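The values are calculated or read from the model by the stated rules, or taken from the named source; none is laboratory data. None of the values given here were measured: they were computed from a predicted structure. No Cβ is skipped: glycine too gets one built from the backbone with ideal geometry, and neighbour counts run over all protein chains shown. Remember, those area values only see protein heavy atoms, side chains included, never the ligands or the DNA or RNA. Shrake-Rupley method; radii C 1.70, N 1.55, O 1.52, S 1.80 Å.
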Amino acid sequence: MKKLKSVAVVILVCLFSINAFAWGKRGHEIVGSLSAQLLAEEHRGAEFLKNHTFDMGYYNNVPDIIWKSDPETYKKEFFQHFIDMEEFENVKEWSSDKAAFFKNHPEITDKAGKSWWRIQGLNNELEKITAKLLNQKISSSAKSAVNTSPK
């Protein structure tokens, strides 16, 4: 838990520091790879993170490198990249449905950011894919057990 708190402090310092913008590509890379490494050390079963710390650092740069290279993509994706919590201070109830949330809170504009829903959507997709892969693995194991059982 101590390491997780350390990562959180590093991220908060970076987010709220005026100089955070100067970190650029290297800053995104450091935060992504260090976070993956520290979380992997703290949580059993997090081999994926441990084995992909480089990837986590690399892909943290996607918004700055890929999205910004195409003005149309950048306009579409920019608000998915952050969330300005000050804009959400008076919100009493959150909805996991982004469209419903913004319909109920018209005072909150795109400029407040939407990364919370983006992360939630990606997590939901990962859970579906994981369940499907686990189901395939179980099915394969069951077939192997049937094929190798003594006759």
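Side notes on the structure shown:
- Candidates are the residues of the range 31-55 that are among the aliphatic types (A, V, I, L, M) and out of contact with any Ser or Thr (no Cβ under 9 Å at 6 or more places or on another chain); the one that is modelled with the lowest pLDDT is Ala46.
- Count of residues meeting criterion [more than 14 Å from the chain's Cα centre (by Cα), of a type in the set (S, T, N, Q) and open to solvent by less than 50 Å² (accessible area, probe 1.4 Å)] in the range 76-91: 0
- Filter pass, Trp116 being of a type in the set (Phe, Trp, Tyr), in contact with a strand residue (DSSP E or B) (Cβ under 8 Å, 6 or more places away or on another chain) and not in a loop (DSSP other than H, G, I, E, B): yes
- Selection status of Ile108, at pLDDT 90 or above and not in a helix (DSSP H, G or I): yes
- Summed over the range 29-63, residues that are aromatic (Phe, Trp, Tyr) and either in contact with a Pro (Cβ under 8 Å, 6 or more places away or on another chain) or in contact (Cβ under 8 Å) with a residue 24 or more places away in the chain (or both) total 2.
- Tally of residues being assigned to a loop (DSSP other than H, G, I, E, B) and over 14 Å from Trp116 (Cβ atoms) across the range 90-104: 2
- Residues in the range 57-73 that are within 18 Å of the chain's Cα centre (by Cα) and open to solvent by 70 Å² or more (accessible area, probe 1.4 Å): Tyr58, Tyr59, Ile65, Ile66.
- Among the residues examined, Asp110 qualifies as farther than 21 Å from Lys25 by Cα and in contact (Cβ under 8 Å) with a residue 24 or more places away in the chain.
- Residues of the range 1-30 classified as closer than 22 Å to Ile65 by Cβ, open to solvent by less than 100 Å² (accessible area, probe 1.4 Å) and modelled with pLDDT under 55, total: 4
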